Amino acid sequence: MTEVRNKLLRLIPGDELSRIVGLCERISLRPHQVLHHYRLPMEHVYFVESGLVSVAARVGHEEFVEVWLIGSEGLVGAPVLLAPKTVPLHRRTVQVSGEALRIRTGDFSKILDDLPHLRSVVERYLAAVLVQTSQSGACNAYHGVKQRLARWLLVARNALGKDEMPLTHVMLAELLGVRRASVTECLEVLQKTGMISTKRGWVTVEDAVGLTKLCCDCFGLIEREYRRHLLSTDHTDSRPEEDAAITTTVARRQSESADRELSRPSD
């Protein structure tokens, strides 16, 4: 059995896994490395093993805002499934160093027809990504910086599988599309409440359950949809008690939101 750390590849049977891995090469991911440039053809698809990649949309001349994150739970280049010769309108950049299995776009497109389980997993991942991107857009338009920052930290923590993340104030400000001063102010508030701790170039989540309570409902919706589409029996990175507490918090917040909707007077 081929050993892999990417959670999508762990969902497919051994015979398919051997075939796809046989076409891949393992590479290092360097901070600030651009995997896909804006409006240039995708030459490779990347199954992230460790690290963090942000997908950013262009909002102005040389200005980009992050629209979703990819860690070991996903792959970079999923749109190739829909259009093999697609030219991306987003830029994909490594934010946290790590490793990935890289496969040429042409090889990936061809082998999907022969590997039904892999195709199914990638299609389900695309469904989860659509939820993440649309919900992130709504969150950025509606919620305050502190709630958006809490959501981003929780999503990044899940994608990395670690509490400690190499993140600077400047990086977070660029990813959220806000001023650095706003990020610094929010991080100070979160640190005072004990939800996070910071040191130069690093942010550590100390209280994920508390951060979930502070966060808007968007994180819970994103997390629920990923689990619904791609629930794995692999628990090597799980934290059962903490995961259960977070799930309970998310469920309670969603229940409270539903109750508020039902109690609103009809037009």
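Taken together, the values in this text are just the output of simple stated rules run on the coordinates, not laboratory data. Everything numeric here is computed off the predicted structure, so don't read it as measured data. Glycine gets a Cβ as well: all are built from the backbone with ideal geometry, and neighbour counts include every protein chain shown.
Can you sort Arg148, Arg19, Arg30 by how many other beta carbons sit within 10 Å, fewest first?
Taking fewest neighbouring Cβ atoms as first place, the list is Arg30, Arg19, Arg148.
With springs only between Cα atoms under 10 Å, which of His143, His44, His36 fluctuates most in a Gaussian network model of the chain?
His143
Looking at the chain, how many pairs of lysines come closer than 25 Å at the Cα, when each pair is eight or more places apart or spans two chains?
Final tally of qualifying lysine pairs is 12.
By count of other Cβ within 10 Å, fewest leading, how are Val129, Val4, Val189, Val48 ordered?
Listing Val129, Val4, Val189, Val48 from fewest to most nearby Cβ atoms yields Val189, Val4, Val129, Val48.
Are there GluC sites (Glu not before Pro) in the stretch 28-95 that DSSP puts in a loop and that have at most 14 other Cβ atoms within 10 Å, and which ones?
Here the GluC sites (Glu not before Pro) that fit, given the DSSP loop and packing criteria, are Glu43, Glu62.
Placing +1 at every Lys and Arg Cβ and -1 at every Asp and Glu Cβ, with all other atoms neutral, what dipole size does the chain have around its Cα centre, in debye to the nearest 20?
Roughly 520 debye for the chain.
For Trp68, which sequence-distant residues (separation of 5 or more, or a different chain) have an amide H within less than 5 Å of its own amide H, given hydrogens modelled in the peptide plane?
Long-range HN contacts for Trp68: Val55.
If neighbour count is taken as other Cβ atoms inside 10 Å, put Lys110, Lys192, Lys213 in order from fewest to most.
Listed from fewest to most nearby Cβ atoms, that is Lys192, Lys110, Lys213.
On C-alpha positions alone, give me the angle between the axis of helix 145-160 and the longest principal axis of the chain, in degrees, nearest 10.
So the helix axis and the longest Cα principal axis differ by about 40 degrees.
Which loop-located trypsin sites (Lys or Arg not before Pro) does the stretch 48-100 contain, where loop means any DSSP state but H, G, I, E or B and the Cβ has at most 14 other Cβ atoms within 10 Å?
Passing both the DSSP loop test and the Cβ count: Lys85.
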